[in-house]
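Okay, structure first, notes after.
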Amino acid sequence: MNRIDEVFSKKKKGVLNIYFTAGYPKIDDTLRIARALEAAGVDLIEIGIPYSDPIADGPTIQDSSQKALDAGMSLKLLMKQLQDLRKYVKIPVILMGYINPVLQYGFTKFCQDCKGVGIDGVILPDLPMQEYVEMYQQTFEEHGIYNIFLMTPQTSEKRVFQINEASKGFIYMVSSASITGAKQEVSQAQIDYFERIQKMNLSVQRLIGFGISNKETFDNACQYASGAIIGSAFINQLNKDDSDEAITSFVGSIINP
Amino acid sequence: MITKENYKVNSKGYYGKFGGAYVPEMLLPNILELQENYLEITSRPSFKKEFDYLLKDYVGRPTPLYLAQRMSEKYQAQIFLKREDLCHTGAHKVNNTIGQILLAKALHKKKIIAETGAGQHGVATATVCALMGMECIIYMGAVDMVRQRPNVERMKILGAEIRAAESGSKTLKDATNEAMRHWINNPTDTHYIIGSVVGPHPYPDLVARFQSVISEEIKYQLTEQIGKDHPDMVIACVGGGSNAAGAFYHYLDRPEVQLIAAEAAGLGIDNKKSAATTFLGTEGVLHGSKTLLMQTADGQVTEPYSISAGLDYPGIGPIHAHLFDSGRAHFCAVTDEEAMHAGIDLSRLEGIIPAIETAHAISALDKIEVKDKVVVINVSGRGDKDLDTYITWGKY
Ligand SMILES: Cc1ncc(COP(=O)(O)O)c(C=O)c1O
């Protein structure tokens, strides 16, 4: 069973997925941070593949990506860093990035190497569903890699059902019309959207992401989905203090009652 | 046999293997809205009527097709200049912004955003926003704002708000990223006016159609002047490729017409400082379409260089990637130095100081055999905005 499905088969509520940028804050930190997150009690990990032109990302992730690239980070190096991933990390790991670096790496090789190091899913926001289905789905499936789709408040009902149909693992529910970035609260318009989707009774689990930053926004999101994803707020934490202890206490501040 | 259909966008938004709409889900509703409506709206008689009217009485079309006597003598050819430099605001860019703002109105959008490099597209956008009384925000790289100060002030005078793109390399590609991010954050009331035949489908086709007025006019103007509707050769510069797409458009399916695209080689294609995408680029995805772009082996977009801010872009539109890949168009690379000399040449021979972008197209005359040929060069813009660059270069 794909590790992502395993998580959702055991846990239906309060699933915490944390994003961080590969090779950040220091180029060799990737595996250390993944281990620290698992030890702190996170359910899934999302590792960002740094890209020079991340159009769906706000300043925090732009900055971490650029710094990682400046330090010499690349997809090739990331695969090398993850060589021993499964010796240390048991929870699902998802790679998130933009399509261009993956195309240059070679799509088939990317899927092979993901499988080789034990990656469970991939999020490529700028890979459209039509292209995915026509050109890439087969390769993903042959290697047992889940492709995670996004939906937004503007996604039409018809398309939400199409996404549900094409999705494996979970659907990434973007919380508002926005790029990534930590926000302090959840608005009424967002709650209306969460409720609207909740009522559609989709067969695939949903995790809410973008703008989730602390216990309050996390708990709020969890009322409407299986869990939530934290990205920029965690990068901000790394900027302040990236020690294992600081990571443990950050995660604790979100999941402890 | 070559037919036009081979070079036109297909129903999925591709030119051969290039194009498509590689956008995140957050942008998809906007892109779908355009895809589903642009052909219907732009073919409405009321739309066409207003577009034609504004091009005529506001922009000043048709622009002249001028037989350049002294230039023709020098090259022993018949050289015609398509005078897009005489358009209101000084370049072809306004053909597109007029079309897109009418489209935005038809879609009931209230606000306009755009990216700009040299500031020409920004000025053309700010101009039509003033004309239509619409709110206008222009993203411009912080580095370009310093290089192109007069255009920044022109946009402000026209009432636009200028936002500096401070991310990445702080130039055109980053301004484009910022405009796309703005659109993600403001999806319902805002239209994004892209400045060239780049971006996700349907933008490349949309912009090419609005610019196709250039070759539409060339056809009948040539018929009037030489009794046939086509030249042997059309030459245009390519940044993203909108003026070239417009000048080539009605000749795409006419194999007897050679299409010549001049790219900016900067300091030379052997040098890292260049913007000649077909020489230095590889296949990938940039700003929402699959095309040729300059990038590292790891797929990071690299920063181009050209003396001409309007050609200083790491990619080209998917239509041009396809014209290159299929061999339909011939691409040549023109260095800064060659372009500047060609700009002076046109000034001295014909009394026309071209934009430095355009000067790249003029320089192509030295790189290809034109003797005894009928040649049309698209003079995409005038040199007023580039006086500082001419002065700093100084060799005249
Ligand atoms: C006068 C002129 N020509 C050409 C260009 C390049 O754009 P494109 O390749 O889209 O025609 C620009 C862009 O700013 C311009 O101002």
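Quick notes on this structure:
- Test: residue in segment B:45-52 that is without any contact (Cβ under 8 Å) to a residue 12 or more places away in the chain and either under 30 Å from B:Val375 (Cβ atoms) or buried (at least 23 other Cβ atoms within 10 Å of the Cβ) (or both): yes
- Within segment B:140-159, the residues that satisfy the criterion of being surrounded by 16 or more Cβ atoms within 10 Å (Cβ to Cβ), touching a residue at least 40 places away in the same chain (Cβ under 8 Å) and farther than 18 Å from B:Ile193 by Cα are B:Asp144, B:Arg147, B:Gln148.
- Out of B:Ser196, B:Ser212, B:Ser167, sole residue that is small (Gly, Ala, Ser) and more than 16 Å from the ligand (Cβ to nearest atom): B:Ser167
- Each residue in segment B:271-286 was checked for being more than 7 Å from every other protein chain (Cβ to nearest Cβ) and either in a helix (DSSP H, G or I) or out of contact with any strand residue (DSSP E or B) (no Cβ under 7 Å at 6 or more places or on another chain) (or both), and 6 of them qualify.
- Residue match in segment A:59-70 (condition: touching a residue at least 24 places away in the same chain (Cβ under 8 Å) and away from every other protein chain (no Cβ under 14 Å)): no
- Test: B:Met180 is outside the structural domain of B:Val234 (by TED's automatic domain parsing) and farther than 21 Å from A:Ala56 by Cβ: no
- Residues (more than 23 Å from A:Val42 (Cβ to Cβ), among the hydrophobic types (A, V, I, L, M, F, W, C) and not in a helix (DSSP H, G or I)) located in segment A:71-84: A:Ala71
- Lone unmet requirement of (1) over 29 Å from B:Val374 (Cα atoms); (2) within 19 Å of the chain's Cα centre (by Cα); (3) not in a helix (DSSP H, G or I) for B:Asp144: (3)
- Residue-level analysis places B:Ala245 outside the set of residues that are outside any helix (DSSP H, G or I), within 16 Å of the ligand (Cβ to nearest atom), of a type in the set (A, V, I, L, M, F, W, C) and in the same structural domain as B:Gly281 (by TED's automatic domain parsing).
- Members of segment A:163-196 found to be away from chain B (no Cβ under 11 Å), closer than 30 Å to A:Gly116 by Cα and in contact (Cβ under 8 Å) with a residue 24 or more places away in the chain, listed by number: A:Asn164, A:Ala166, A:Ser167, A:Lys168, A:Gly169, A:Phe170
- Enumeration of residues in segment B:248-270 that are part of a loop (DSSP other than H, G, I, E, B) and in contact (Cβ under 8 Å) with a residue 24 or more places away in the chain: B:Leu252, B:Asp253, B:Arg254, B:Pro255, B:Glu256, B:Val257, B:Leu267, B:Gly268, B:Ile269
- If you check B:Ile184, B:Ile194 for being crowded, with 19+ Cβ neighbours inside 10 Å, part of a helix (DSSP H, G or I) and of a type in the set (A, V, I, L, M), only one passes: B:Ile184.
- Count - residues of segment B:47-98 that are under 17 Å from B:Asp366 (Cα atoms) and touching a Lys or Arg at 6+ places or on another chain (Cβ under 8 Å): 4
- Of the residues making up segment B:168-177, those that are within 9 Å of chain A (Cβ to nearest Cβ) and within 29 Å of B:Ala106 (Cβ to Cβ) are B:Thr176, B:Asn177.
- Taken over segment B:292-320, the criterion of being part of a strand (DSSP E or B), away from the ligand (no atom under 13 Å from the Cβ) and touching a residue at least 40 places away in the same chain (Cβ under 8 Å) is satisfied by B:Leu292, B:Val301.
- Any hit, segment B:200-218, residues being within 13 Å of chain A (Cβ to nearest Cβ) and touching a helix residue (DSSP H, G or I) at 6+ places or on another chain (Cβ under 9 Å): yes
- The lone criterion from (1) of a type outside the set (Ser, Thr, Tyr); (2) more than 9 Å from every other protein chain (Cβ to nearest Cβ); (3) more than 19 Å from B:Val285 (Cβ to Cβ) left unmet by A:Gln154 is number (2).
- In segment A:208-222, the residues that are surrounded by fewer than 19 Cβ atoms within 10 Å (Cβ to Cβ) form Cβ pairs under 8 Å with partners that are at pLDDT 95 or above and in a helix (DSSP H, G or I), at six or more places apart or across chains, as follows: A:Asn214/A:Ala233; A:Asn214/A:Ser253; A:Asn214/A:Ile254; A:Lys215/A:Ser253; A:Lys215/A:Ile254.
- Residue match in segment B:123-137 (condition: away from chain A (no Cβ under 14 Å), more than 10 Å from the ligand (Cβ to nearest atom), touching a strand residue (DSSP E or B) at 6+ places or on another chain (Cβ under 6 Å) and among the charged types (D, E, K, R)): yes
- Scanning segment B:90-105 for residues that are touching a strand residue (DSSP E or B) at 6+ places or on another chain (Cβ under 9 Å) and within 16 Å of the ligand (Cβ to nearest atom) yields B:Gly90, B:Ala91, B:His92, B:Lys93, B:Thr97, B:Gln100.
- Any chance A:Met1 is at pLDDT below 95 and not in a helix (DSSP H, G or I): yes
The values are calculated or read from the model by the stated rules, or taken from the named source; none is laboratory data. Since the structure is predicted, the reported quantities are computational estimates derived from the model, not experimental observations. When we count neighbours, we look across all protein chains shown, and the Cβ atoms used for this are built from the backbone with ideal geometry, even at glycine.
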